[in-house]
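A.B. asks: Here it is, the structure in full.
Derivation of every value follows stated rules applied to the coordinates shown; laboratory data play no part. Since the structure is predicted, the reported quantities are computational estimates derived from the model, not experimental observations. No Cβ is skipped: glycine too gets one built from the backbone with ideal geometry, and neighbour counts run over all protein chains shown.
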Amino acid sequence: MEKQYVLVVNNEIVSTPAPIPNNYKNISNIFALPDEQLSDLSWSGNNEGFWLVTSDPVPTMTIKQKIETTYSLNIQNKSCHQSHTVVSVEPHEEEVRINLIKSNIRMIRDRYLLITDFTQLSDAPISENSKLDFKTFRHQLRIMLDIPDITKAVWPDIPTSASNINIPEFPSMPSFNG
């Protein structure tokens with residue numbers, strides 16, 4: 001992972017962590033400087049510096065949680081440490097997240113319903129058993145959002161009983177990634 005830095009002016013962070021830019025104010029190719037020179041740019045007439053950020057691993061979270069990030073400066077070493085805390089989200093934020101996942105699932109589900117519509121026509125080139133398999137599959141698609149915990153949703157198995165029909169595999173199940 002590329003090194004991240006914060007811009008510090010008068011011992012205050014004034015930027016979010018980011019890679020060093022190619023140029024900064026009157027300094028060309030600033031990205032090529034060593035960390036010691038980046039942390040104190042007074043040599044260039046600027047009273048600021050880019051301080052290297054170290055970070056704790058980002059914890060995993062559920063749909064009911066969010067991560068709060070804090071930054072602490074080490075003035076002596078001219079460095080910054082990033083730490084993370086998992087906290088609960090407000091109920092309305094959880095509802096927004098659930099609705100987003102459902103919307104993403106619904107979009108994919110609807111595509112599979114559309115591409116299997118023809119299997120229910122009387123003249124579809126498949127056996128009655130295959131039609132029943134696809135009817136069951138389509139029913140499973142329709143009810144898959146009717147579960148208490150949407151993060152537990154799974155795609156139903158695509159029928160394979162009609163060898164003359166190739167339905168593409170499902171993409172990964174939409175989820176909340178924070």
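A.B. asks: Please express the Cα-Cα pair-distance distribution P(r) of region 5-88 as a list of whole percents, one per 5 Å bin, running from 0 to the bin with the greatest distance.
C.D. replies: Going from the shortest bin to the longest, the percentages are 3, 14, 24, 20, 14, 10, 7, 5, 2, 1.
A.B. asks: Then there's this: Extending each Cα 7 Å along its Cβ direction at residue 121 and residue 95, get the distance between those two points in nm, one decimal.
C.D. replies: 4.3 nm
A.B. asks: Where both residues lie in region 19-178, what percent of DSSP beta bridges are antiparallel, nearest 5?
C.D. replies: 75 percent
A.B. asks: Which one, [x] 81, 37, 21; [y] 66, 42, 30; [z] 67, 46, 31, gives Cα extents along the principal axes in Å as derived from the coordinates shown?
C.D. replies: Computed from the coordinates, Cα extents along the principal axes in Å corresponds to [x].
A.B. asks: Taking the Cα atoms only, what angle lies between the long axis of helix 128-143 and the longest principal axis of the chain, rounded to 10 degrees?
C.D. replies: The answer is roughly 40 degrees.
A.B. asks: To the nearest 10 degrees, how steep is helix 91-115 against the longest Cα principal axis of the chain, on a 0 to 90 scale?
C.D. replies: Value to nearest ten degrees: 50.
A.B. asks: Given a cut-off of under 8 Å on Cα pairs at least six residues apart, what relative contact order in percent is computed for the chain?
C.D. replies: So the answer I get is 15 percent.
A.B. asks: Further, regarding this structure: Normalising by the residue count of region 5-88, find the relative contact order in percent from Cα pairs under 8 Å and 6+ residues apart.
C.D. replies: 25 percent
A.B. asks: Residue separation times 0.36 nm, minus the C-alpha to C-alpha distance between residue 25 and residue 11: what's the value?
C.D. replies: 3.1 nm
A.B. asks: Evaluate the charge dipole of region 28-178 about its Cα centre and quote only its size in Debye, nearest 20, assuming +1 on the Cβ of each Lys and Arg and -1 on the Cβ of each Asp and Glu.
C.D. replies: Once rounded to the nearest 20, the dipole reads 520 debye.
A.B. asks: Distance in nm between label sites at residue 2 and residue 18, each 7 Å beyond Cα in the beta-carbon direction?
C.D. replies: With each label point 7 Å from Cα toward Cβ, the separation is 1.1 nm.
A.B. asks: Report ³J(HN,Hα) in whole Hz for each residue of region 4-14, in order, from the Karplus equation J = 6.51 cos²θ - 1.76 cosθ + 1.60 where θ = phi - 60°; Gly and Pro get x.
C.D. replies: 10, 9, 10, 7, 10, 10, 6, 6, 10, 6, 10
A.B. asks: Give me the one-decimal nm value for the distance between modelled label points at residue 71 and residue 33, 7 Å along each residue's Cα-to-Cβ direction.
C.D. replies: 1.7 nm
A.B. asks: Let me ask you something else. Name the longest site-free stretch of the chain, where the excluded sites are GluC sites (Glu not before Pro) in a DSSP loop with no more than 15 other beta-carbon atoms within 10 Å.
C.D. replies: 3-168
A.B. asks: Based on the alpha carbons, how large is the Rg to Rh ratio for region 90-178 when Rh follows Kirkwood?
C.D. replies: Value, to two decimals: 1.06.
A.B. asks: Moving on. Would you mind ranking 105, 98, 75 by Cβ crowding within 10 Å, fewest neighbours first?
C.D. replies: In increasing order of surrounding Cβ atoms, one gets 75, 98, 105.
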